[in-house]
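Student: Here you go, one structure.
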Amino acid sequence: MKEPFAKLSPFHVNPDSILETFGLKEDDFASASGEEKESMVEMHKSISYWQDALRRFRANTVSMVALFVFLLCLVFAFIGPMLIPYDYSEQYRSSQKLGPMEYSKNEETIRALSKNVEAFYATGLRPGSLTALSKGNYVISYKGKTYAFTLEKALDKSVIVMQSDAEDPLRLVKESNIKDGVYTDYTAIAYTETAAEDATVLKLRTYVFPHVFGTDSQGRDIMARTMYGARVSIIIGVVAALIVLVIGSLYGAISGLCGGPVDFVMMRIVELIYSIPEVLIVLLLQVVLKDPLQAWFQSGTSGFVKAMSDLGAGIVSIFITFAVLYWVTMARIIRGQVLQLKKQEYVTAATALGASNTRIIAKHLLPNCIGPLVITTCLQIPSAIFLESFLSFLGLGVSAPMASLGSLCSDALETITLYPYRLVFPAVILTIIVLTLNLVGDGLRDALDPRLKK
Amino acid sequence: MVAYILKRVAGSIAILLLIMVVTFLLMNAIPGSPFLTEKSTPEQIALAEAKYGLDKPLYVQLWNYIKNYCVGDLGTSLKMQEGTPVKDIIFHQGKFALSIKLGACALVIAVLIGIPLGCIAAYYRGSWIDGLLRVLTTVGVAVPTFVLAALLLVVFSVNLNWFPTLSGSLPDAKSYVLPVISLSFYYTCYIAKLMRTSMLDAIHQDYIRTAKAKGVKTHILVLKHALRNSLIPVITYLGPVLAGIITGSFVVESTFSIPGLGKYFVQCVLSRDYPVIMATTVVLSALVIFMMLIVDITYKLVDPRITLTAKEE
C-alpha cells in the first residue's frame with residue numbers, strides 16, 4: 001500500500017524513513033516527564049546589582065592596581081605621620097637644607113653614637129628654635145622603670161645616654177666628648193624613681209631617623225610635610241566632592257522631578273553658572289572670604305566653628321567655592337537621569353498602582369541614580385585636589401605652617417634651581433593620587449554603568 | 001540660524017552683565033578700603049575715595065561702571081599703575097596680546113597634536129601604539145600644569161640650558177616652546193583621549209561598514225568618513241579648553257615670568273585695584289564667552305542633525 005501512495009504524491013513522505021534519515025527514535029516526540037523537565041531548569045544564584053558591579057570592578061586589573069596604589073597613598077598620608085618621629089610644623093635648626101637621606105653633622109655624630117649605646121636623648125635633635133633643655137624636672141620611662149631627675153642648669157649640646165644594666169644608668173655626655181661613636185667622658189645623673197608632678201617627659205630613642213625626603217630651608221622634614229600635605233589634599237578633595245554630591249544631586253533631583261516651569265528656571269540658573277569662567281570668580285572669592293571667615297572664627301565658640309577655624313580660612317573658602325560654583329555638572333547629570341527614569345514604564349506602572357511619590361523616589365529613582373552619583377563624586381575628588389593645589393600654588397589656598405601638596409610645590413618652586421627634589425616628592429605624590437583616583441573612577445564607571453555591559 | 005545667533009549673543013551679553021555685577025559685589029565685599037595703608041590717615045583715604053568716586057552709593061558706582069564700559073571706557077588704575085587708564089594697561093602694554101598669543105598657540109597645538117594622536121590610537125586599537133598612547137594620555141591628565149611647567153623649567157632651561165629661564169615678553173620662537181608645552185599638554189592629552197573614544201564610536205557605525213563593504217580603503221575610511229563625525233565631541237570641548245588655558249596661563253605666566261594678563265590678574269586681585277580687577281575679569285570672561293559662542297555656532301553648523309530651533313531635551 002505504501003509504495004504506490006508515495007509515488008502518487010511527490011510531497012508525501014514516509015514517516016519511518018524520516019525517523020531513519022535523522023536517526024530519531026519513535027518516543028522522541030513523547031511529552032517530557034516531570035523529572036526530565038526539572039533537569040532542564042538551570043538554577044543560577046541571583047546576583048544583585050552591587051555584586052555584579054563588584055565582580056566587574058574586580059576583573060578590571062588596571063582599576064584594581066590603581067585602587068591598591070591609592071590605598072597605599074592613604075596609608076602614607078594617614079598612618080605615615082604616626083610612624084616617623086618628625087612633625088610637619090617642627091623646625092630642626094641644625095638640620096636645614098638637607099638632601100634626601102642626608103644627615104646633618106650633628107645627626108651624623110649622634111648616629112654613630114647610637115650604634116654603640118642602648119638608648120639616648122640628644123638635645124641637638126630637639127625641634128624648635130631652642131635646642132637646649134631648660135632647667136627643671138624631667139622624667140624618663142625605660143624598660144618599665146622610671147628615672148626622674150632635675151637639671152640645675154640648662155643643658156646644651158649634650159646627650160643623655162641610657163645604660164640600664166650599669167650602676168649609673170643615666171649618663172650625661174657632652175657632644176665634644178664623642179669621637180667615632182664612642183663617648184670618652186661622662187657624668188652620672190642622680191635620679192629617683194618617683195617623678196615630680198611638673199616633670200617633662202623625655203622620650204628615649206635608639207636610632208636617628210633619616211630625613212627620607214630631606215628638609216626645607218627652615219629645617220622642617222619634607223617627608224612629614226608631604227604626608228601632612230597629602231592628608232590635607234585628600235580631605236579637601238573628599239569633603240568638596242561630598243558638598244558637590246549633596247547640593248548637586250538635590251538640585252538636579254528637584255529640577256528633574258518637578259519639571260515644567262520650575263525645571264526651566266532652575267536649568268537657566270545652572271546654565272548661567274556654567275558659562276561663568278569660574279576660576280576668575282574663585283580667585284576673587286578667596287580674597288573676599290579671608291577676613292570675614294577670620295572674624296567668624298574668632299566670634300564663634302561652637303564646636304563647628306572651632307573645627308572650621310582649625311582648618312583655616314583658605315580651606316573653608318575652597319569648600320564655599322565648591323558649594324557655590326562646582327555643583328552644576330552633578331546637577332545636570334542627576335536631572336538627566338531623573339528625567340529619563342521618570343518616563344520608564346515601571347515608574348508609570350508604580351504610579352498607576354497607587355505608589356506614593358516617596359516610595360517611587362526611594363524604590364525606583366534613587367537606586368537607579370546611585371551609579372552616576374558614585375561615579376561623578378569619585379571623579380570630583382581629583383578635580384577638587386587639582387583646584388586646591390592650583391590655588392595654593394598661587395598663594396591663596398592653605399597658609400603656613402599648614403601644608404597641602406599644592407603649597408609644598410609652590411614653596412619648592414622658589415628654590416627649584418638649588419633643590420629640585422623638594423618639588424619632585426610632593427609633585428609625584430599629587431600626580432599619583434590624581435592618577436589613581438581617575439583610574440578608579442573610570443573603573444567604577446565601567447562597573448556601575450549597565451549601558452556599557454556587553 | 002540668524003535668530004539663534006541673535007539669541008545666543010543676547011544671552012552672552014546678559015552673562016557678561018551678571019559677571020560684572022558679581023565681580024563688583026565681590027570686590028566691595030572685601031573689608032576695608034583699597035587705599036588703606038599703615039601710613040594713611042582717614043582724611044587721606046576719604047580724599048582718595050572721593051577722587052575715584054568710591055564714596056558714592058554702590059548702585060551708582062555699579063551703574064557708572066556699566067555706563068562707561070558701554071562706551072569703551074574701562075576707568076583708571078587706582079594702585080598698580082596709579083592714574084593710568086586701564087585700557088592702556090591691558091591692551092597697549094602688550095599684556096593682552098601676550099596672553100592671547102600664548103593661549104592661541106597652546107590651543108592650536110592641543111588641537112593639532114591631540115586629534116591625530118586620538119585617531120592613531122583608535123586606528124591601531126589594541127596594539128602597543130594604542131597602549132603607549134593610553135598610558136601617556138592617562139598620566140598626562142593627572143599632572144598639574146604648574147608641576148609640568150616647573151619640571152620643564154628645571155630640566156630644559158636650568159640643567160640643559162636649551163631654552164631661556166625667563167621667557168619675558170616672548171621675544172623669539174625659542175621662548176615660546178616651554179610655556180606653550182606646559183599650557184597645552186593637559187588639553188592635548190584630554191583631546192587625544194576624547195578623540196580616541198569618539199573615533200571608536202564612529203568606526204562601529206553602520207555607514208562605515210557599508211563604506212568598507214563597498215571597498216573604500218581603510219585610511220580614507222578613517223580620515224574622511226569617520227573623522228568628520230567623531231570631531232563633534234571635540235568641538236564641543238573647545239570652549240572649556242579655552243577657559244582652562246586662561247586658568248593655566250595664571251600659573252604658566254608666573255612660572256616663566258611672562259608679563260601677561262593672567263599674571264597681572266592675580267596681582268591686581270591681591271592688591272585690590274578695583275577698576276583693573278573689573279576690567280581684567282570682564283575682558284577674560286568676554287573672551288571665554290565669545291569662544292563658547294563660536295564653538296556652539298560651529299557645532300550646529302558642523303552637525304546638520306542638530307536642529308537650531310528644536311527644544312533641547
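The values are calculated or read from the model by the stated rules, or taken from the named source; none is laboratory data. Note that the structure is a prediction, hence the values are computed from the model and not measured. Neighbour counts run over all protein chains shown; Cβ positions are idealised from the backbone, glycine included.
Student: Got at least one residue in segment A:198-207 being in contact with a Ser or Thr (Cβ under 7 Å, 6 or more places away or on another chain), at pLDDT below 75 and over 13 Å from A:ALA119 (Cα atoms)?
Tutor: Initially, segment A:198-207 is screened for residues in contact with a Ser or Thr (Cβ under 7 Å, 6 or more places away or on another chain), giving A:206-207.
Retained after the next criterion (residues that are at pLDDT below 75): A:206-207.
If we keep only those that are over 13 Å from A:ALA119 (Cα atoms) too, we end up with none.
Within segment A:198-207 (the criterion being in contact with a Ser or Thr (Cβ under 7 Å, 6 or more places away or on another chain), at pLDDT below 75 and over 13 Å from A:ALA119 (Cα atoms)), the answer is no, since none of the residues qualifies.
Student: Select, from B:ALA104, B:ALA110, B:ALA97, B:ALA150, the only residue that is within 25 Å of A:THR431 (Cα to Cα), of a type in the set (A, V, I, L, M) and away from every other protein chain (no Cβ under 14 Å).
Tutor: Going through B:ALA104, B:ALA110, B:ALA97, B:ALA150 in turn, just one is within 25 Å of A:THR431 (Cα to Cα), of a type in the set (A, V, I, L, M) and away from every other protein chain (no Cβ under 14 Å): B:ALA110.
Student: Being within 11 Å of chain A (Cβ to nearest Cβ) and crowded, with 19+ Cβ neighbours inside 10 Å, is that true of even one residue in segment B:170-187? Explain how you work it out, then say what you get.
Tutor: Within segment B:170-187, the first condition is being within 11 Å of chain A (Cβ to nearest Cβ), and the residues that meet it are B:186.
In the following step, the residues that additionally are crowded, with 19+ Cβ neighbours inside 10 Å were identified as B:186.
Yes, there is a match, as at least one residue in segment B:170-187 is within 11 Å of chain A (Cβ to nearest Cβ) and crowded, with 19+ Cβ neighbours inside 10 Å.
Student: If only one of A:LEU366, A:LEU339 is among the hydrophobic types (A, V, I, L, M, F, W, C), under 25 Å from A:ILE247 (Cβ atoms), in the same structural domain as A:ALA241 (by TED's automatic domain parsing) and touching a residue at least 12 places away in the same chain (Cβ under 8 Å), which one is it?
Tutor: Being among the hydrophobic types (A, V, I, L, M, F, W, C), under 25 Å from A:ILE247 (Cβ atoms), in the same structural domain as A:ALA241 (by TED's automatic domain parsing) and touching a residue at least 12 places away in the same chain (Cβ under 8 Å) holds for just one of A:LEU366, A:LEU339, which is A:LEU339.
Student: What residue, among those in segment A:406-425 that are more than 9 Å from every other protein chain (Cβ to nearest Cβ) and assigned to a helix (DSSP H, G or I), is nearest to A:GLN286 (Cα to Cα)?
Tutor: Here the residue is A:SER407.
Student: For segment A:299-320, check the following and say yes or no: at least one residue is touching a residue at least 40 places away in the same chain (Cβ under 8 Å) and under 30 Å from A:PRO367 (Cα atoms).
Tutor: yes
Student: Moving on. Of (1) within 14 Å of chain A (Cβ to nearest Cβ); (2) touching a Leu at 6+ places or on another chain (Cβ under 7 Å); (3) in a loop (DSSP other than H, G, I, E, B), B:ASN161 satisfies all except one. Which?
Tutor: In the conditions (1) within 14 Å of chain A (Cβ to nearest Cβ); (2) touching a Leu at 6+ places or on another chain (Cβ under 7 Å); (3) in a loop (DSSP other than H, G, I, E, B), B:ASN161 misses (2) alone.
Student: Could you give every pair whose Cβ atoms fall below 8 Å, whose first residue belongs to segment A:282-297 and is more than 18 Å from A:SER392 (Cβ to Cβ) and more than 7 Å from every other protein chain (Cβ to nearest Cβ), and whose second residue is assigned to a helix (DSSP H, G or I) and of a type in the set (Val, Ile, Thr), counting only separations of at least 6 or pairs across chains?
Tutor: Cβ pairs passing all conditions: A:TRP296/A:VAL305; A:PHE297/A:VAL305.
Student: Please work out which residue is nearest to A:SER407 (Cα to Cα), limiting yourself to segment A:53-88 and to residues that are crowded, with 17+ Cβ neighbours inside 10 Å and not hydrophobic (A, V, I, L, M, F, W, C).
Tutor: Among those residues, the one meeting the criterion is A:TYR88.
Student: Still on this model: Among the residues of segment A:393-405, count how many are away from every other protein chain (no Cβ under 12 Å) and outside any loop (DSSP other than H, G, I, E, B).
Tutor: Total meeting the criteria: 0.
Student: Pick from A:THR131, A:THR146, A:THR123: which is touching a strand residue (DSSP E or B) at 6+ places or on another chain (Cβ under 7 Å), hydroxyl-bearing (Ser, Thr, Tyr) and modelled with pLDDT under 75?
Tutor: Just a single option satisfies the conditions, and that option is A:THR123.
Conditions tested, residue by residue: (1) modelled with pLDDT of 85 or more; (2) under 22 Å from B:LEU25 (Cα atoms); (3) out of contact with any Pro (no Cβ under 7 Å at 6 or more places or on another chain).
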residue: A:ILE281; (1), (2), (3): no, yes, yes
residue: A:THR301; (1), (2), (3): no, no, yes
residue: A:PHE304; (1), (2), (3): no, no, yes
residue: A:GLY314; (1), (2), (3): no, yes, yes
residue: A:ARG332; (1), (2), (3): yes, no, yes
residue: A:GLY354; (1), (2), (3): yes, no, yes
residue: A:ASN368; (1), (2), (3): no, no, yes
residue: A:GLY371; (1), (2), (3): no, no, yes
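Student: Now for a separate question. What residue, among those in segment B:192-210 that are surrounded by 14 or more Cβ atoms within 10 Å (Cβ to Cβ) and of a type in the set (Lys, Arg), is nearest to B:ILE120 (Cα to Cα)?
Tutor: B:ARG196
Student: Using beta carbons and a limit of 8 Å, which pairs, at least six apart or on different chains, have the first residue in segment B:8-30 and within 8 Å of chain A (Cβ to nearest Cβ) and touching a residue at least 12 places away in the same chain (Cβ under 8 Å) and the second one of a type in the set (D, E, K, R) and assigned to a helix (DSSP H, G or I)?
Tutor: So the pair list comes out as B:ILE30/A:ASP291.
Student: Mind listing whichever residues of segment A:377-407 are surrounded by 20 or more Cβ atoms within 10 Å (Cβ to Cβ) and closer than 16 Å to A:ILE222 by Cα?
Tutor: The answer is A:MET402, A:ALA403, A:SER404, A:LEU405, A:GLY406, A:SER407.
Student: Select from segment A:218-232 the residues that are in a helix (DSSP H, G or I) and of a type outside the set (Val, Ile, Thr) and list them in ascending order.
Tutor: The answer is A:MET223, A:ALA224, A:ARG225, A:MET227, A:TYR228, A:GLY229, A:ALA230, A:ARG231.
Student: Could you look through segment B:254-296, keep only residues that are more than 8 Å from chain A (Cβ to nearest Cβ) and touching a Lys or Arg at 6+ places or on another chain (Cβ under 7 Å), and pick out the one that is surrounded by the fewest Cβ atoms within 10 Å (Cβ to Cβ)?
Tutor: For segment B:254-296, the residue satisfying everything is B:SER271.
Student: Could you please find all residues in segment A:312-325 being away from chain B (no Cβ under 14 Å), of a type in the set (A, V, I, L, M, F, W, C) and within 22 Å of B:LEU270 (Cα to Cα)?
Tutor: Scanning segment A:312-325 gives A:ILE315, A:VAL316, A:ILE318, A:PHE319, A:PHE322.
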